[in-house]
Amino acid sequence: MAPRLKLVDSSLRLTAIPLSVATLCLTVTNHQDNADLGPVAYKNIQGLDYMAWISGICAAYALFAALTIWFIKCSASKPWLFFLFDQMITYLMVTSGAGVSEIVYLAYYGDRTVSWSEACRSYPSFCSRMKLAVILHALALFCFIAFTVISAYRAFSLFEPPSLASSKEVEEADNTTARAAAA
């Protein structure tokens, strides 16, 4: 791998770690009590629990991948493994971010058609921390998307691009095919 690409890749991975850890910490420590409605915590909402797990997995994977890039020589199969795992983790981050974004939207605006009221009026601190966690998760997701593109480049650059046949070669192949079909 080119030294600049290696530096960019590992820097993005190292940037994703604190973003994922901050998302995890904000989510896990998020709770608020309301005298009228009772307490609410991240464990009460499955989407937040899912995002906490995915954030932890992302941080661990980003650390492992950054260390692997610098300390283990890449063989021909490793770029494909990075590509595969980068894709899987990125898709998991998309699903958790989308789920929690919907939860945040419903918490702020409710849904009048099914008689859900806004929860953020009753739990403002919980909602603001949840919104911040979603923003940090989105920033980590952008890092993962960037190094997914880098890992795809590394994996697919192992192959030569297909050669373009000249028009004479194409014409000869067509003539050969036509003669074979006529026979």
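No value in this document is a laboratory result; all are computed from the given coordinates. Since we're looking at a predicted model, the values are computed, not measured. For neighbour counting, all protein chains shown are included, and Cβ atoms are generated from backbone atoms with ideal geometry for every residue, glycine included.
The condition of being free of Cβ contacts under 8 Å to residues at least 60 places away in the same chain and either in a loop (DSSP other than H, G, I, E, B) or out of contact with any His (no Cβ under 9 Å at 6 or more places or on another chain) (or both) holds for only one of Ala59, Ala16, that being Ala59. Scanning the stretch 134-145 for residues being under 13 Å from the mean Cα position of the chain (by Cα) and either surrounded by fewer than 18 Cβ atoms within 10 Å (Cβ to Cβ) or not aliphatic (A, V, I, L, M) (or both) gives a total of 7.
Residues of the stretch 124-133 that are under 22 Å from the mean Cα position of the chain (by Cα) and either surrounded by 21 or more Cβ atoms within 10 Å (Cβ to Cβ) or not in a helix (DSSP H, G or I) (or both): Met130, Ala133.
Within the stretch 69-85, does at least one residue satisfy the condition of being outside any strand (DSSP E or B), in contact with a Lys or Arg (Cβ under 8 Å, 6 or more places away or on another chain), free of Cβ contacts under 8 Å to residues at least 60 places away in the same chain and not acidic (Asp, Glu)? So far as the stretch 69-85 goes, yes, one or more of its residues are outside any strand (DSSP E or B), in contact with a Lys or Arg (Cβ under 8 Å, 6 or more places away or on another chain), free of Cβ contacts under 8 Å to residues at least 60 places away in the same chain and not acidic (Asp, Glu). On inspection, Leu24 fails the criterion of being farther than 18 Å from Tyr153 by Cβ, hydrophobic (A, V, I, L, M, F, W, C) and either part of a strand (DSSP E or B) or touching a residue at least 60 places away in the same chain (Cβ under 8 Å) (or both).
For the residues Val8, Val40, the requirement of being surrounded by fewer than 15 Cβ atoms within 10 Å (Cβ to Cβ), in contact with a helix residue (DSSP H, G or I) (Cβ under 8 Å, 6 or more places away or on another chain) and touching a residue at least 40 places away in the same chain (Cβ under 8 Å) singles out Val8. In the stretch 103-123, the qualifying residues are those that are more than 23 Å from Ala16 (Cβ to Cβ) and either aliphatic (A, V, I, L, M) or touching a residue at least 12 places away in the same chain (Cβ under 8 Å) (or both), and the one that is surrounded by the fewest Cβ atoms within 10 Å (Cβ to Cβ) is Val114.
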